1. When you check Asp92 against the structure, is it buried (at least 19 other Cβ atoms within 10 Å of the Cβ), in contact with a helix residue (DSSP H, G or I) (Cβ under 9 Å, 6 or more places away or on another chain) and among the acidic types (Asp, Glu), yes or no?
2. Looking at (1) open to solvent by 40 Å² or more (accessible area, probe 1.4 Å); (2) under 29 Å from Thr49 (Cβ atoms), which is the only condition Arg272 fails?
3. Please go through region 1-45 and pick out each residue that is more than 15 Å from the chain's Cα centre (by Cα), closer than 27 Å to Leu233 by Cα and of a type in the set (S, T, N, Q).
4. So which residues in region 208-235 are open to solvent by 30 Å² or more (accessible area, probe 1.4 Å), within 14 Å of Ile248 (Cβ to Cβ) and in contact with a Leu (Cβ under 9 Å, 6 or more places away or on another chain)?
5. Which one of Arg211, Arg219 is among the charged types (D, E, K, R) and over 17 Å from the mean Cα position of the chain (by Cα)?
6. Could you give me the residue pairs with C-beta distances under 7 Å whose first residue belongs to region 144-172 and is more than 17 Å from Leu6 (Cβ to Cβ), whose second residue is assigned to a strand (DSSP E or B) wherever it lies, and which are 6+ apart or on separate chains?
7. Could you identify the single residue in Ser105, Ser94 that is hydroxyl-bearing (Ser, Thr, Tyr) and touching a strand residue (DSSP E or B) at 6+ places or on another chain (Cβ under 8 Å)?
8. Condition first: among the small types (Gly, Ala, Ser), crowded, with 22+ Cβ neighbours inside 10 Å and farther than 27 Å from Phe91 by Cα. Now tell me which residues in region 4-56 satisfy that.
Amino acid sequence: MEQRHLGRTGLRVSRIGLGTLTWGRDTDEHDAADQLKAFWDAGGTLVDTADVYGGGESEYLLGQLVERLVPRSDLVIATKAGSVPDPDRRFDGSRGHLLAALDASLQRLGTDYVDLWQVHAFDPGTPLEETLQALDLAVSSGRARYAGVSNFCGWQLAKAATWQLAAPGTRTRIASTQMEYSLLQRGVEREVLPAALDLGVGLLPSSPLGRGVLTGKYRGGTPADSRGASEQLAPFVEPYLDDAAGRIVDAVVIAADGLATTPLQVALAWVRDRPGVVAPIVGARNARQLTAALSVETLSLPDEICRALDDVSAPVHRYPDQDWSTL
């Protein structure tokens, strides 16, 4: 699998990442092992998790599989901290919480360091410089090799990345930002992506298949074994089942038919090769689904297909998004 630099750093990662959101909850040890082995065999290196996935079980399961199945040195392990199970405070970006969470993650993962440590979301209740200092301490202590953020809007990302660049050699630069990005969700193109491109921050798209909708599986209804049929995940899928999304899915299906490939491959290839994108994070229920996604490695979409998909899914840009003089 092709490797790409993570932002403006020396770290190289596979251009498809393996997501573990469901590990330890809906994905058991057997299926997780099959996925990790299939991913590694395909040349994948970037494995993304978080301290809250499965209440910590995702990290623990990954830690049990590493070395037993795949050498630790062959993987780029990314995790996140900052989400908390508190209805009054969804995110805690305080230095104390973040560093304690990192230590707990390392213990569950069974490793001395993570390759990429990410702040899961912006915490308006904590000064940003305090949150960023936790990243500096994690990197300077060797517990994290690189640092990133997740779910930061445009101004939050620009402020964080600029603050870190203001003291080179003292503060660790923001290597990446993880955000939802797909043909069904192109909101990052308004502010986040321009900021990331300007500041040398790599984009790691989550839900690159539009929460599964871009595979076309929902065109004739909701399959019984799908996320849309799950009581827990149905509200996650439902926003992408409207008429506007249906028109985009139809276009993806037409493109797939014309290229003799699958809607999954078309949708994934589109987001993988967008400017600023480093590696879409793909989550799968089993190794068969993951292998289908990994087969996109050999596909590059023709320019005319890309333009057609761009047009049918184009987000509305109005003042003052991006360059107002052209609007």
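1. Details: buried (at least 19 other Cβ atoms within 10 Å of the Cβ): yes; in contact with a helix residue (DSSP H, G or I) (Cβ under 9 Å, 6 or more places away or on another chain): yes; among the acidic types (Asp, Glu): yes.
When the stated conditions are applied, Asp92 passes them.
2. Of the numbered conditions (1) open to solvent by 40 Å² or more (accessible area, probe 1.4 Å); (2) under 29 Å from Thr49 (Cβ atoms), the odd one out for Arg272 is (1).
3. Thr27, Gln35
4. Passing the criteria: Arg211, Thr215.
5. Arg219
6. Within 7 Å, the pairs are Asn151/Met179.
7. Values: Ser94 fails: touching a strand residue (DSSP E or B) at 6+ places or on another chain (Cβ under 8 Å).
None of the others qualify; the one that does is Ser105.
8. Ser14, Ala32, Gly44, listed by residue number.
The values are calculated or read from the model by the stated rules, or taken from the named source; none is laboratory data. No experiment lies behind these values; they were computed from the predicted model shown. Reconstructed Cβ throughout: ideal geometry from the backbone, glycine too, with neighbour counts over all protein chains shown. With ligands, DNA and RNA removed, areas are computed over all heavy atoms of the protein, side chains included. Shrake-Rupley method; radii C 1.70, N 1.55, O 1.52, S 1.80 Å.
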